[in-house]
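The structure appears right after this line, and notes come after that.
The values are calculated or read from the model by the stated rules, or taken from the named source; none is laboratory data. As the structure is a computational prediction, the values presented were derived from the model and not from experiment. In case anyone asks, the SASA skips ligands and DNA or RNA and just uses the protein heavy atoms, side chains included. Shrake-Rupley method; radii C 1.70, N 1.55, O 1.52, S 1.80 Å.
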Amino acid sequence: RYAGLTGAPDESGSKRRQKGLAKAGNARVRRGLIQLAWRFLRFQKDSALAQWYRARTEGPTAARKTKMIVALARKLLIALWRLST
């Protein structure tokens, strides 16, 4: 949660949905991780995570690419945490 790359839940009665990213985390860390994700795609083209990103963002839709870069940043953060522990 420190990075702020978690979803913001919206619960009303029995309905539960995600409203987007929570802005409760550290903004510098969040921006840094998103930049890391873009650079990861540029320099690690053959990695499994880069292929996962490309498979889900095929086509001209830019909105999907910006949403998926956050998902990639979240996956990179998880991978870095597992590597460090």
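Assorted remarks:
- For region 27-84: rounded, prolate or oblate by the Cα gyration tensor [a/c cutoff 1.5]: oblate
- Per residue solvent-accessible surface (Å²) - region 27-84, probe of 1.4 Å: 74 Å²
- The apolar share of the surface of region 27-84, taken as the fraction of accessible area on carbon and sulfur atoms (1.4 Å probe, ligands and nucleic acids excluded), comes to 58 percent.
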